[in-house]
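First the structure, in the form of structure tokens, and then the observations on it.
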Amino acid sequence: MNNEGFLLIDTLLAILTFSIIVTILVPSMIALHQTEALTEQTLKFKRDIYITLINSEAVLFDDEFFNAGVICRHEDIEVCTE
């Protein structure tokens with residue numbers, strides 16, 4: 001019995017399945033890693049603000065917050081958080 005044609009098709013299907021899995025999973029893992037890193041940075045920033053606000057004894061207005069000992073306004077948040 002000649003099974004070479006079946007083995008060729010079986011091998012090609014296995015390679016195709018493997019390549020589809022790899023092309024879907026690898027970008028997904030990269031995207032998850034980037035999302036995790038961004039979330040960790042955001043969480044660290046919010047924890048730092050919370051700890052600073054809890055530890056500060058100064059009275060702040062509603063549109064201000066502390067960041068590393070500097071009072072920042074919410075409208076200037078990009079300047080104060082970098």
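Every number here is computed from the coordinates shown, using simple stated rules; none is lab data. The structure displayed is predicted, hence computed values, not measured ones.
Points to keep in mind about this one:
- Karplus-based coupling profile of region 23-31, in residue order and whole Hz: 6, 8, 6, 5, x, 5, 5, 5, 5, with θ = phi - 60° in 6.51 cos²θ - 1.76 cosθ + 1.60 and x standing for Gly or Pro.
- Couplings for region 12-22, taken from phi via the Karplus curve 6.51 cos²θ - 1.76 cosθ + 1.60 with θ = phi - 60°, read 5, 5, 5, 5, 4, 4, 4, 5, 5, 4, 5 Hz in order; Gly and Pro are left as x.
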